[in-house]
Amino acid sequence: MAYTSIEFSCSDGIARITFNRPKALNALNAALLDEFADALKKVSQDEAVRVLLVTGAGEKSFVAGADITEIAPLSPLGAKKFAQRGQTVIGQLQDLAVPVIAVVNGYALGGGCEVALACDFIYASEKAIFGLPEISLGVIPGFGGTQRLPRIVGESRAKEMILTGKHISATEALEIGLVNRMFPPDTLMEAAMETARMIASKGKASLCAAKQAVNQGLNVDLPTGMHIERDLFALCLASPDAKEGTAAFLEKRKPVFTGS
Ligand code: HXC
């Protein structure tokens, strides 16, 4: 598929998806969701990818939400299908085997905030603005916001954001644990790249296992989570990268992971 509103790049194990639909502040219409799904498929099929960055073009907007011009005329059935489509694509983002960093350069509102919530963690520009403003449109979040936000920032802070629809600054987002780290706009991408390079230097099997253990563990009780963890630990230890990592430590040298 030729992308019109997404830029995709990949080098040194670091893939990048950039939303680029400036006329509508990168709002997610059906075509953009399809392009996003296609780019995610590319990431999942490329053995060389070890980490993904998701960002928006420019300094104004990450993604300003689902496209309101497309939502407004929908019938209830159409609305359900649109929400289902968004939930599926954003679910694919969350379920990517490799780690994903949201690099939030500007507005992350509604569906845009929901994209960021499905990433493994968020780095934000000092100018970033977060919010789930759907309530001000007479609707509610439909791409996972009511479910993921409370799991990240807690029930009461999530309800405050969802019920007021208010925008919050990057500083506030940092304070409530929605954002991991905040940077000046011009150093945001390099800071994210530095972390991405650190992640990409690790063994792929252990990266994927660590992410899987946390994600699956959050949906089950503690004993089941422990079970998942020890199975994945055992699987990792059998990988060539684990042989290399442990041998390198014992030989007092730096490991060279091959990603197997
Ligand atoms: C369609 C959008 C848009 C959106 C911005 N635009 N956000 N178009 N859908 N979500 C368009 C504007 O209409 C405008 O087009 C252009 O982008 C620039 O936006 P402005 O409003 O002129 O910019 P500014 O005054 O700087 O305000 C920025 C903003 C505001 C605060 C981000 O645009 C805004 O509030 N946008 C809507 C945010 C929102 O409510 N998101 C949630 C959507 S619902 P023109 O042609 O006039 O230049 C959602 C539900 C998800 O996400 C789940 C669905 C199932």
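Observations
- Most fluctuating residue given options 31, 72, 83, as computed from a GNM of the chain linking Cα atoms under 10 Å: 72
- In the stretch 83-123, the portion of solvent-accessible area held by carbon and sulfur atoms comes to 46 percent [1.4 Å probe, whole percent, DNA, RNA and ligands not counted].
- Calculated P(r) of the chain - Cα pairs past 27 Å, %: 39
- Under a model in which nothing but the beta-carbon of Lys, Arg (+1) and Asp, Glu (-1) is charged, the chain shows a dipole of about 180 debye around its Cα centre.
- Here's how it looks for residue 62: its modeled amide H is under 5 Å from those of 105, 106, 107, 108, which are all 5 or more places away or on a different chain.
- The stretch 65-193: Rg to Rh, with Rh as the Kirkwood radius over Cα pairs: 0.97
- Max mean-square fluctuation residue, GNM over the chain, Cα-Cα springs under 10 Å, options 87, 45, 212: 45
- Considering only 239, 250, 224, the residue lying farthest towards the positive end of the dipole of the stretch 202-251 is 239, judged by Cα position with unit charges set on Cβ.
- Of all beta bridges that DSSP places with both ends in the stretch 1-80, some 45 percent have antiparallel geometry.
- Fraction of accessible area attributable to carbon and sulfur, the stretch 134-212 (%, probe 1.4 Å): 56
- Where the chain is the region considered: accessible area per residue in Å², 1.4 Å probe: 51
- Listed residues 61, 201 arranged by accessible area, highest first, probe 1.4 Å: 201, 61
- Dimensionless Rg over Rh [the stretch 160-260; C-alpha; Kirkwood]: 1.11
- Think of the stretch 6-200 as having a plus end and a minus end, set by charges on the Cβ of Lys, Arg, Asp and Glu; of 75, 36, 146, 75 sits farthest toward the positive end of this dipole.
- From the alpha carbon centroid of the stretch 61-125 to that of the stretch 179-237 is 21 Å.
- Each other residue within a Cβ distance under 14 Å of residue 246 adds +1 if Lys or Arg and -1 if Asp or Glu, for a net charge of +2.
- Gyration tensor over alpha-carbon atoms, the stretch 1-113, equivalent ellipsoid semi-axes in Å: 24, 16, 12
- Helical runs assigned H by DSSP (4 residues or longer) give the chain a calculated mean residue ellipticity at 222 nm of -15500 deg cm²/dmol, each run adding -39500 (n - 2.57) before division by the residue total.
- Taking 143, 36, 82 as the candidate residues, the one with maximal mean-square fluctuation in a Gaussian network model of the chain, Cα springs under 10 Å, is 82.
- Contact order, relative form, for the chain: 16 percent (alpha carbon pairs under 8 Å, 6 or more residues apart, mean separation divided by residue count).
The values are calculated or read from the model by the stated rules, or taken from the named source; none is laboratory data. This is a predicted model, so every value here is computed, not measured. Positions of Cβ are generated from backbone atoms using ideal geometry, with glycine treated the same way; all protein chains shown enter the neighbour counts. Side chains included, ligands, DNA and RNA excluded: accessible areas come from the protein's heavy atoms. Shrake-Rupley method; radii C 1.70, N 1.55, O 1.52, S 1.80 Å.
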